[in-house]
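Scroll down for the structure; my scribbles are underneath it.
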Amino acid sequence: MRHIGKRADRLGLRFLVPPELLRAPSNVRVTLDTALTQAFRAGQGKLDGLKADGKGGFLITEEKAEIVGLQMEPGQKGQVKVVVGPTKPSPRGPLDMTIVQVSRAGVDGGVTVRLATGK
């Protein structure tokens, strides 16, 4: 994640997660690096569709989830780690998870990750 704007702004991250990945005992865990954790605190960040995991990260609980309020300066960057836990039974076919960065100006960019699954 990188703030591409010309002035400080509160950014957000949106996650679109296939429902098959949210079924128990699976989990999708999101961890922010130090820079983004500080940005979350500085912007009094909020979670929608995520909950604290008790280990400094978050678990996605809804198909549409969002972290808002990442207060960032122009050019500031940080890393987001997303880990998908094992699912049982394994979902069929490839699954796409989309992560989008948003700012006051709208969508700044994003990525779609195709997850390989069982057969």
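Looking only at residues that are of a type outside the set (Ser, Thr, Tyr) and out of contact with any strand residue (DSSP E or B) (no Cβ under 6 Å at 6 or more places or on another chain) in the stretch 37-46, which one is most open to solvent (accessible area, probe 1.4 Å)? Spell out how you get there, then give the answer.
Start the filter on the stretch 37-46 by keeping residues that are of a type outside the set (Ser, Thr, Tyr), which leaves 38-46.
Now restrict to residues that are out of contact with any strand residue (DSSP E or B) (no Cβ under 6 Å at 6 or more places or on another chain): 38, 41.
Working: Gln38: 113, Arg41: 170 Å².
Looking at the filtered set, the residue picked out is Arg41.
Looking only at the stretch 76-114, how many residues end up being modelled with pLDDT under 80 and either in contact with a Phe, Trp or Tyr (Cβ under 6 Å, 6 or more places away or on another chain) or assigned to a strand (DSSP E or B) (or both)? Lay out the reasoning, then the answer.
Within the stretch 76-114, the subset modelled with pLDDT under 80 is 85-94.
Those still in the list that are either in contact with a Phe, Trp or Tyr (Cβ under 6 Å, 6 or more places away or on another chain) or assigned to a strand (DSSP E or B) (or both) too: none.
Selection size over the stretch 76-114: 0.
For Glu66, are the conditions met, namely being under 16 Å from the mean Cα position of the chain (by Cα) and either on the phi > 0 side of the Ramachandran plot or assigned to a loop (DSSP other than H, G, I, E, B) (or both)?
Numbers: under 16 Å from the mean Cα position of the chain (by Cα): yes; either on the phi > 0 side of the Ramachandran plot or assigned to a loop (DSSP other than H, G, I, E, B) (or both): no.
Here the answer is no, as Glu66 does not meet what is asked.
Return the total of residues in the stretch 14-55 being at pLDDT 90 or above, of a type in the set (D, E, K, R) and either touching a Gly at 6+ places or on another chain (Cβ under 7 Å) or outside any strand (DSSP E or B) (or both).
Count: 4.
The values are calculated or read from the model by the stated rules, or taken from the named source; none is laboratory data. Keep in mind that what you see is a predicted model, and the values were worked out from it rather than measured. So basically every Cβ, Gly included, is an ideal-geometry build from the backbone, and we count neighbours across all protein chains shown. Accessible surface is based on the protein model in full, side chains and every heavy atom, while ligands, DNA and RNA are left aside. Shrake-Rupley method; radii C 1.70, N 1.55, O 1.52, S 1.80 Å.
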